[in-house]
1. Among the strands (runs of 3 or more DSSP E) contained in region 259-372, which hold 2 or more residues that are more than 18 Å from the chain's Cα centre (by Cα)?
2. Could you check region 373-399 and list, in sequence order, the residues that are among the small types (Gly, Ala, Ser), assigned to a helix (DSSP H, G or I) and under 22 Å from GLY179 (Cα atoms)?
3. In the set TYR262, TYR243, which member is under 30 Å from ARG222 (Cβ atoms) and either out of contact with any Gly (no Cβ under 6 Å at 6 or more places or on another chain) or surrounded by fewer than 16 Cβ atoms within 10 Å (Cβ to Cβ) (or both)?
4. From MET120, MET111, MET79, which residue is farther than 28 Å from ASP332 by Cα, within 26 Å of the chain's Cα centre (by Cα) and at pLDDT 95 or above?
5. Do we find that GLU239 is more than 22 Å from PHE170 (Cα to Cα) and outside any loop (DSSP other than H, G, I, E, B) in this structure?
6. For region 279-321, name all the residues that are within 16 Å of the ligand (Cβ to nearest atom), within 21 Å of ILE85 (Cα to Cα) and of a type in the set (A, V, I, L, M, F, W, C).
7. Could you please give the count of residues in region 121-139 that are within 16 Å of the ligand (Cβ to nearest atom) and either of a type in the set (Gly, Ala, Ser) or in a loop (DSSP other than H, G, I, E, B) (or both)?
8. Listed residues ILE422, ILE403, ILE415; which is without any contact (Cβ under 8 Å) to a residue 60 or more places away in the chain and buried (at least 19 other Cβ atoms within 10 Å of the Cβ)?
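The values are calculated or read from the model by the stated rules, or taken from the named source; none is laboratory data. Just so it is clear, the structure is predicted and the values come from calculations on it, not from any experiment. In this analysis, Cβ positions are derived from the backbone assuming ideal geometry, glycine residues included, and neighbour counts consider all displayed protein chains.
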Amino acid sequence: EGLIEGHVGRGTLVKRAYFRQDDEYDYCEQTTPSWLLGLSANGDSLLGQDERTLSGTMFTEGPQPQMISLSQSIPSASMLPTERIQQIIAESLDGARESALGYCPVEGLQMLRRHIALRMRQRGVLVDVPNILILSGSTQGLGLIGRFLLSPGDEVVVEVPTYLGAIQTFRALGAHIIGVPTDNEGMRVDMLEAILARRQPRFIYTLPTFQNPTGSVLSAERRRRLLQLAKRYQIPIIEDDAYGELYFTEQAPQPLKAQDRYGNVLYLGTYSKILAPGLRVAWLAAPEPVIERLALYKQTFDMNTNALGQWIIQEMLSTGWLDEHLARARKDYQHKLTLMLEAIERYWPRETRLYIPEGGMQLWCRLPGDMRARQLFREALREQVSFYIGELFHVDGGGQHYIRLSFASVEEQQIVEGVRRIGVAMKHLRAW
Ligand code: PMP
């Protein structure tokens, strides 16, 4: 009668009822079809249930009122551009039916590409429309470039620690990942050189500006050196610049690509952090032949990126609204970082070491003494607060004593309360 089901390794269980008993769909999607059992694990997310919970990749829809999530680096609800989107749709959608709601060129809406190229030139990157490929999120870009350049077993270089999503993507493609240590000036480029001299990785993945998770910025000298190495060893660099426009300093940091004279840098930008991740619009800036080949490749996966999202962003760019929004976002996140630091000072033990960023959305913290992030996380969940544990960002098994807090994802009051709750969890773990 479909009331119980067996799971390999988990036993026989009474089924959870997702639908009413008399619903004809009651059990058809809950059992494991036999053809699935024979498949290899290739393409799995490579995170077990435990890690998925720990990493917050078990996304929940809508707010969970009790839980304060300092996990994801996303704009808080109040920073999402709802009113502006409503206005754009109300005022202009009728006149832009075809571009906003039809299929569009796989490379992306021409106008959007033009605006992006212009903005990149203002940031010192000499690109034009043919150098821009619009993507369904920079995650798609990592996957496309990865599939394009890698065969299973190939090596790639990443920073330690680095962005969790990139680790997952490269692993899912069968890559062998080599980690290069980082310090407060970003990747240890001196150590990279030794790796390149001995091995033949297919590319270097780096986050030079407001690194995820550490917040560091790659120093000018190391940027020069990194580009020299790319040239000498003929190896492409993927620059992931998700946070570069969220700076708190007077001067805007330049992308690494601004100094790329040989087309070795494949630059990924995204609107997920500066506007809204739900729009799923990002871009790749790269030499034209690379864009041409990746565009053909992309077409087989999604035909084209969400045209409505592209069109909305194009409208925001053409009126200059995005710059106003960015100015607000920078102020808001800097203020939230200050609040977070004050709350940490008040509620956490003194020995916690903080890596204070000059932009971005996250604060990297070394926990006091021998306190372990995993244990703290479990204690913190009981206090209804979450964050990312350091291990998730490490390909070398390190990071046990580190956590990453997002100061952008919640409103002001929740920052202080979230930090306070973590302080309570720390107290439970050890008396200091
Ligand atoms: N790169 C970095 C460094 C990120 O932090 C994120 C989002 N967490 C992404 C890429 C993915 O962004 P997108 O939504 O554009 O796929």
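1. 353-355, 362-366
2. ALA373, GLY390
3. TYR262
4. MET111
5. No, not satisfied.
6. Selection gives LEU279, VAL281, ALA282, TRP283, ILE312, ILE313.
7. 3
8. ILE403
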